[in-house]
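Let me begin by presenting the structure, written as structure tokens, before commenting on it.
The values are calculated or read from the model by the stated rules, or taken from the named source; none is laboratory data. Just so we're clear, the structure is a prediction, and the values are computed from it rather than from any experiment. Methodologically, a virtual Cβ is constructed for each residue, glycine included, from the backbone with ideal geometry; neighbour enumeration extends over all protein chains shown.
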Amino acid sequence: MTKQPTIVITGTAGFIGSVMVQYLNEKGFTNLLLVDDFGVEEKRKNWEQKTYTKVIERQAFLDQLINDEHEIDIIIHLGARTDTTEFNYAIHEELNLEYSKSLWLYATSKQIPLIYASSAATYGSGEQGYDDSHTILDKLVPLNPYGVSKNEFDKWAVAQTEHPPLWTGLKFFNVYGPNEGHKARMASVIFHAFNQIKETGLVKLFKSHRPDFKDGEQLRDFIYVKDLVNVIGWMMHEMFASNWTSVKNGLYNLGTGKARSFYDLAANTFIAQGLKPNIEFIDMPLDIRDKYQYFTEANMNKLRSAGYDKPFSTLEEGVTDYVKNYLLPSKGY
């Protein structure tokens, strides 16, 4: 594009959204409209001191869309309620379903490309596998209201006869990396492991409550947040360059394609600090025990077929960078 594009990013006060903003700035994009429920005034002031176009609260943004106050070139919708232990579906419905519908309908009416965050939580226990096919959406049984809300929007989006000219829904698997500290209980195992090591010298992992998995051998597809935003950035560039056609529109897995154990994750958090692993196992909390995914692994063939050919960080590479360059120096929030 000849002019500096106007890019909307929702969820920018959060984990992935803040890393996305940093990525865009590093790539020379400064005409950004940052949207979120910022809440903390100091954080809001900190954002506004940067070189971004504007910081705006979520509801005010929706109001401005109605009034057509912005000329927008693409919407990257990362805002969501991501707490898998929040069982009040109404909260997820408002933020993950209805809000997303509003953005979709606006992008459709104005013919604006849209990239939005879905989730691997939509796959539930994996009875249908982990293929990002549109044909299995009605068969998926998510394990919590968060996953239900994400799957409901995916189903709604795929069923629409009118849609943005270019769009993708990205099923994020287990994302970790800098700027996740505010997520508290929902931050990654690496973040919690690092802080446990700092405080006690050991890491506590959940025991397995299934006979087919040993303690600590629960498997997830862990993706480093830097790799994730690289994929989003690549999709955006492809859309701007007219390399992305409507044939490629749809849902895409975004993991590494390689499941790893929580034990490996914790052990590498020790190793990145030059320490010997010291890991204990504790009972899984009852409130999540029957809602727990024991295995996830993204089928990445669809994204690769769409043209993305960069390698993903190995678990060892991602954990080492996160620990040495962010957690040890106390960078990020």
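Those helices (runs of 4 or more DSSP H) of region 256-333 in which at least 1 residues are touching a Phe, Trp or Tyr at 6+ places or on another chain (Cβ under 6 Å), considering only elements entirely within it, cover 262-271, 301-305, 315-322. A search for C-beta distances below 6 Å between a residue of region 1-16 that is assigned by TED's automatic domain parsing to the domain that holds Met239 and buried (at least 24 other Cβ atoms within 10 Å of the Cβ) and any residue that is charged (D, E, K, R) and at pLDDT 90 or above, counting only pairs 6+ apart in sequence or on different chains, returns Phe15/Glu180.
Reported count of residues in region 86-121, each being closer than 15 Å to Pro145 by Cβ, hydrophobic (A, V, I, L, M, F, W, C) and buried (at least 16 other Cβ atoms within 10 Å of the Cβ), is 3. Surrounded by 13 or more Cβ atoms within 10 Å (Cβ to Cβ), at pLDDT 95 or above, assigned to a loop (DSSP other than H, G, I, E, B) and assigned by TED's automatic domain parsing to the domain that holds Leu143: does that describe Trp244? Yes. Within region 280-295, identify whether any single residue is surrounded by fewer than 18 Cβ atoms within 10 Å (Cβ to Cβ), on the phi > 0 side of the Ramachandran plot and touching a residue at least 40 places away in the same chain (Cβ under 8 Å), and answer yes or no. Within region 280-295 (the criterion being surrounded by fewer than 18 Cβ atoms within 10 Å (Cβ to Cβ), on the phi > 0 side of the Ramachandran plot and touching a residue at least 40 places away in the same chain (Cβ under 8 Å)), the answer is no, since none of the residues qualifies. If we scan region 128-138, do we find a residue that is within 21 Å of the chain's Cα centre (by Cα), of a type in the set (Gly, Ala, Ser) and surrounded by fewer than 19 Cβ atoms within 10 Å (Cβ to Cβ)? Yes, region 128-138 contains at least one residue that is within 21 Å of the chain's Cα centre (by Cα), of a type in the set (Gly, Ala, Ser) and surrounded by fewer than 19 Cβ atoms within 10 Å (Cβ to Cβ). Summed over region 56-68, residues that are touching a strand residue (DSSP E or B) at 6+ places or on another chain (Cβ under 8 Å) and assigned to a helix (DSSP H, G or I) total 3. Among the numbered conditions (1) surrounded by fewer than 21 Cβ atoms within 10 Å (Cβ to Cβ); (2) free of Cβ contacts under 8 Å to residues at least 24 places away in the same chain, the only one that Pro142 does not meet is (1). Screening the candidates Asp83, Asp154, Asp138 for the property of being out of contact with any Ser or Thr (no Cβ under 6 Å at 6 or more places or on another chain) and either more than 25 Å from Met186 (Cβ to Cβ) or at pLDDT 95 or above (or both) yields one hit, Asp138.
Inspect region 45-68 for any residue being at pLDDT 90 or above, within 22 Å of the chain's Cα centre (by Cα) and either surrounded by 12 or more Cβ atoms within 10 Å (Cβ to Cβ) or outside the structural domain of Trp104 (by TED's automatic domain parsing) (or both) and give the result as yes or no. Write out each step before concluding.
First, the residues of region 45-68 that are at pLDDT 90 or above: none.
So far as region 45-68 goes, no, none of its residues is at pLDDT 90 or above, within 22 Å of the chain's Cα centre (by Cα) and either surrounded by 12 or more Cβ atoms within 10 Å (Cβ to Cβ) or outside the structural domain of Trp104 (by TED's automatic domain parsing) (or both).
Among residues that are modelled with pLDDT of 95 or more, farther than 26 Å from Phe153 by Cα and in contact with a strand residue (DSSP E or B) (Cβ under 7 Å, 6 or more places away or on another chain), Leu228 is not included. The requirement of being among the β-branched types (Val, Ile, Thr), over 27 Å from Ser188 (Cβ atoms) and free of Cβ contacts under 8 Å to residues at least 60 places away in the same chain is not satisfied by Thr122.
Among all positions in region 184-205, there is no residue which is in contact (Cβ under 8 Å) with a residue 60 or more places away in the chain, under 15 Å from Ala117 (Cβ atoms), part of a helix (DSSP H, G or I) and of a type in the set (Val, Ile, Thr).
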